[in-house]
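Remarks on the structure that follows.
The values are calculated or read from the model by the stated rules, or taken from the named source; none is laboratory data. Small disclaimer: the values here were computed from a predicted structure and weren't measured. Here the Cβ positions follow ideal geometry from the backbone for every residue, glycine too, while neighbour counts run over all protein chains shown.
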């Protein structure tokens, strides 16, 4: 994508308040400059808007670059901060409606409701999205940034911090949902002179872009969350393991780290205390398996990125055999808010054992493709139909895939189930990192299972036999079914093999790889049987050749 | 002083020292657990998955070669289900590349063959992958037929940990994974290989073999020689 | 009850399994005290008969002819034994599978031939895209691996089958 700024090429052609006027702005236009809108020339929109506002003699307005506004399907997005008026699909050569809106803003204007996509969300990890300039430390500070770390360093003991996280009920947002407070306590109590904090930003699920958006929209927040974690577990060094395919996220992280170091929020003696913590970035080289924590550690150490059996867990024996805390981007992003607003506030959101909020990347055949944050326990229907706006062209909903390649497909009959770690597992799926791929009647569920199996076999690191060989064999059996050449014996073989790959594989990649097969078999067995017995694909996706005499 | 733990394997009371693995304690007590990546004398990696056992109280299976014993541990090393799983994993090894016992130098003294026989595997039901795989016969004395490699990485570990040459390593991933010499150059051009032949000796199949040996004429020693080499190394302070 | 009818067929294999079968030596007499050999490459019967009780199948299924025959054998036999590694795993005939048929035929009939190189199309049956074990096409009742299976194992197998027992194939293994 040539429009995307390459890593290292500065994005800092700033067109903000100062250039247009003196003093506080009467009206501000927020232009989304996260990857999705940027790829649709939103930076040109920012520049052009500044120029046009100046030409129109508007000396008391500001144009500001912000992080992801969320409604990615309708980008580039521009929002008038004071009124909440949202402009969709703004082209650089047609910014006049925005200029007109800026003109009309009057002091005392109230924000108008923006419709269910925005109103139904509860923003915690993404609270600064669409509001702060991702590269500006000042902007982050003005939005309450580093208040949490200041409180931690000046008022709290590490035990209090850990207890707070435990009390908030926060669980790992990378997918498995391990209680974050417990993990922090384990690392804090583990023996070791040196300890590390690692942020897992190796987001790789197809259709998932939560972590990327957080890194692009609010990078300082990750640094603050990591610093709080480091204080809580007595670590002094941190790593952010980010995939190299996210150049904008990496560039913004680099900027944030540099500016935070310069301002004394990273490095030795943070905020004039004795607390020392610094962060380095490590880039992944495109291996999905490096999101698995032991493979990630191997990769950070400079070795081949392959997992190893646990125990020992990284909390006890991790990076360079030292106790290591590994949390996902979104987990760290939730931490400053929890510290600032109190564990009780966070724990009051959510349902059952799943507290707080969860960020989801809505993708697929849904009208409002984009990034949303909702309270745990919200029904799937509310997310997909109220927030997501339903299915494109009003076609019938068929299934939603959650949890990425380790997840499953949930059919229409369960649309009213709440989204929690437990309920998704009960439905045969998985929370995962937060990808939600919506499918309508044009999707063949066997083909979907085959797609995810193809992904897993391609991403298998090759270390353990069941994953290396078994995922390919599962794919071959699915391929046989989609070509209309399979028998019922092949279907039985598929189920048997899926169980073996699940139980015998070394890490989560192989153990989770059969899940899309299990869940599609659970809810859409009739589609499998149509391919096998009737030799037809109900969705009309698979090219089934008419039976030939010779098996070829 | 070493702590001694007591545990049960398949209902038998056994004892072992702290730090020992389930595999080691089972071996000492004459309980055979299959395993093809395990090799006494080099580090374990828990990758072949043949030695998976059940441990009471844990929903997940564990690799016996990587699991250290604990007091009161109850290990099930043999069950109907484990047998089915192990057969399937062995089958995967046969189906991954192109194993043709009839024309293999290791025929009749092959650990993969032995494993299949011990598990009562009489045929293969899983899909055969049949990839096109290379042979490297550029070395003066030895050759590698990747068709027969099961990626146990014994060669990689023995070359690194015992010989210290680190000629062998791994490249690519998934099904494309291959052991390689130096940085993927032909074995015969390797500048680090000492031609010691340890990799050939530890290879469980006919993937690594001495040139000039006929079908079924492999020459691997049955005696585990790595523990002796380690003793010698330690005595000489190497 | 009439005497059990035994047959053996030879698909894509080297006949080594049949040689091993002949290695039963005098035990053959014992077997055929109790049963009849109604069809085999080593007896002079042209048509595979109906109502065979036990058929030993040597060799992989590699050509259209093999496929035709194994389907017929399955129809006419109560018990099919995949007899030896080629029938069980496709073994040596399967070594061509990664290569594909056209390059294989080119190599055998064009590149290595100096006089009138041409791929035969008359009389010989067409090859299937890959050479496969017998159970890829028809149900197999008993697997006896080995290259070839030892005569003792063949004897035990036939002895068990004739006595109506589930055959004991323990001790069999791939290769020799």
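Within the option set B:102, B:77, B:116, B:106, being more than 8 Å from every other protein chain (Cβ to nearest Cβ), within 24 Å of residue C:13 (Cα to Cα) and touching a helix residue (DSSP H, G or I) at 6+ places or on another chain (Cβ under 8 Å) holds for one residue only, B:106.
Of all the residues in region A:87-134, those that are within 22 Å of residue A:209 (Cα to Cα) and touching a helix residue (DSSP H, G or I) at 6+ places or on another chain (Cβ under 8 Å) number 16. Would it be correct to say that residue A:141 is in a helix (DSSP H, G or I), touching a helix residue (DSSP H, G or I) at 6+ places or on another chain (Cβ under 6 Å) and either without any contact (Cβ under 8 Å) to a residue 40 or more places away in the chain or buried (at least 17 other Cβ atoms within 10 Å of the Cβ) (or both)? Taking the combined requirement at face value, the residue does not satisfy it.
Only helices (runs of 4 or more DSSP H) whose full extent lies in region C:1-81 are considered here, and the ones with at least 3 residues that are under 15 Å from the mean Cα position of the chain (by Cα) are C:16-22, C:64-76.
At least 2 residues being farther than 20 Å from residue A:115 by Cα, in contact with a strand residue (DSSP E or B) (Cβ under 9 Å, 6 or more places away or on another chain) and at pLDDT below 95 is the threshold, and among the strands (runs of 3 or more DSSP E) wholly inside region A:7-102 those reaching it are A:27-32, A:61-66. Taking the conditions (1) part of a helix (DSSP H, G or I); (2) free of Cβ contacts under 8 Å to residues at least 24 places away in the same chain; (3) within 19 Å of residue A:462 (Cβ to Cβ) in turn, residue B:180 satisfies each one other than (1). Given the criteria within 14 Å of chain C (Cβ to nearest Cβ), touching a residue at least 24 places away in the same chain (Cβ under 8 Å) and closer than 22 Å to residue A:498 by Cβ, does residue B:91 qualify? Judged against the criteria, residue B:91 is a match. Scanning region A:284-298 for any residue that is assigned by TED's automatic domain parsing to the domain that holds residue A:172, surrounded by fewer than 18 Cβ atoms within 10 Å (Cβ to Cβ) and modelled with pLDDT under 95 turns up at least one such residue.
The rows are residues; the columns are (1) farther than 23 Å from residue A:116 by Cα; (2) surrounded by fewer than 18 Cβ atoms within 10 Å (Cβ to Cβ).
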position: A:315; (1), (2): yes, no
position: A:321; (1), (2): yes, yes
position: A:335; (1), (2): yes, no
position: A:355; (1), (2): no, no
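Scan region C:89-106 and give yes if some residue there is more than 14 Å from chain B (Cβ to nearest Cβ) and surrounded by 12 or more Cβ atoms within 10 Å (Cβ to Cβ), otherwise no. Within region C:89-106 (the criterion being more than 14 Å from chain B (Cβ to nearest Cβ) and surrounded by 12 or more Cβ atoms within 10 Å (Cβ to Cβ)), the answer is yes, since at least one residue qualifies. Quick check on residue B:126: is it buried (at least 20 other Cβ atoms within 10 Å of the Cβ) and within 12 Å of chain C (Cβ to nearest Cβ)? Yes; evaluated as a whole, the condition is true for this residue.
Name the pairs whose Cβ atoms lie under 8 Å apart, with the first residue in region C:32-45 and over 16 Å from residue C:158 (Cα atoms), the second modelled with pLDDT of 95 or more and assigned to a helix (DSSP H, G or I), and 6 or more positions between them or separate chains? Short answer, once both residue conditions are applied: C:41/C:18; C:42/C:18; C:42/C:22.
Within this structure, residue A:448 passes the test of being more than 14 Å from chain B (Cβ to nearest Cβ), under 22 Å from the mean Cα position of the chain (by Cα), part of a helix (DSSP H, G or I) and touching a residue at least 60 places away in the same chain (Cβ under 8 Å). Screening region A:323-436 for strands (runs of 3 or more DSSP E) wholly inside it with 1 or more residues that are within 25 Å of residue A:130 (Cβ to Cβ) and in contact with a strand residue (DSSP E or B) (Cβ under 6 Å, 6 or more places away or on another chain) returns the ranges A:324-328, A:357-364, A:370-375, A:397-402. Remark: residue A:208 matches the filter, which requires a residue to be in contact (Cβ under 8 Å) with a residue 12 or more places away in the chain, over 21 Å from residue A:180 (Cα atoms) and not assigned by TED's automatic domain parsing to the domain that holds residue A:36. Would you call residue A:474 assigned to a helix (DSSP H, G or I), in contact with a helix residue (DSSP H, G or I) (Cβ under 8 Å, 6 or more places away or on another chain) and more than 10 Å from chain B (Cβ to nearest Cβ)? Judged against the criteria, residue A:474 is not a match. Does residue A:316 qualify as being within 14 Å of another protein chain (Cβ to nearest Cβ), modelled with pLDDT of 95 or more and either touching a strand residue (DSSP E or B) at 6+ places or on another chain (Cβ under 7 Å) or part of a loop (DSSP other than H, G, I, E, B) (or both)? Yes: the conditions hold for residue A:316.
Residue under question is residue A:122, and the condition is that it be in a loop (DSSP other than H, G, I, E, B), surrounded by fewer than 22 Cβ atoms within 10 Å (Cβ to Cβ) and not assigned by TED's automatic domain parsing to the domain that holds residue A:75; does it hold? So residue A:122 fits the description; yes. Only one of the listed residues (B:66, B:23, B:95) is in the same structural domain as residue B:226 (by TED's automatic domain parsing) and within 30 Å of residue B:144 (Cα to Cα). That residue is B:95. The set of residues from region C:120-176 being out of contact with any helix residue (DSSP H, G or I) (no Cβ under 9 Å at 6 or more places or on another chain), more than 11 Å from chain B (Cβ to nearest Cβ) and in contact (Cβ under 8 Å) with a residue 60 or more places away in the chain comprises C:141, C:157, C:161. Every listed requirement among (1) crowded, with 24+ Cβ neighbours inside 10 Å; (2) in contact with a helix residue (DSSP H, G or I) (Cβ under 7 Å, 6 or more places away or on another chain) is met by residue A:463 save one, (2). Which one of B:145, B:160 is modelled with pLDDT of 95 or more, more than 11 Å from chain C (Cβ to nearest Cβ) and farther than 29 Å from residue A:479 by Cβ? One residue alone meets the criteria, B:160.
Before we move on, is residue B:172 touching a strand residue (DSSP E or B) at 6+ places or on another chain (Cβ under 9 Å) and within 14 Å of chain A (Cβ to nearest Cβ)? It is true that residue B:172 is touching a strand residue (DSSP E or B) at 6+ places or on another chain (Cβ under 9 Å) and within 14 Å of chain A (Cβ to nearest Cβ).
Restricting region B:41-60 to residues that are surrounded by fewer than 20 Cβ atoms within 10 Å (Cβ to Cβ), under 26 Å from residue B:94 (Cα atoms) and more than 13 Å from the chain's Cα centre (by Cα) leaves a set whose member that is nearest to the other protein chains (Cβ to nearest Cβ) is B:60.
Residue count for region C:103-119, restricted to those that are closer than 19 Å to residue C:93 by Cα and touching a helix residue (DSSP H, G or I) at 6+ places or on another chain (Cβ under 7 Å): 2. Taken together, B:230, B:211, B:198 contain a single residue that is in contact with a strand residue (DSSP E or B) (Cβ under 6 Å, 6 or more places away or on another chain) and either buried (at least 16 other Cβ atoms within 10 Å of the Cβ) or in the same structural domain as residue B:131 (by TED's automatic domain parsing) (or both), which is B:211.
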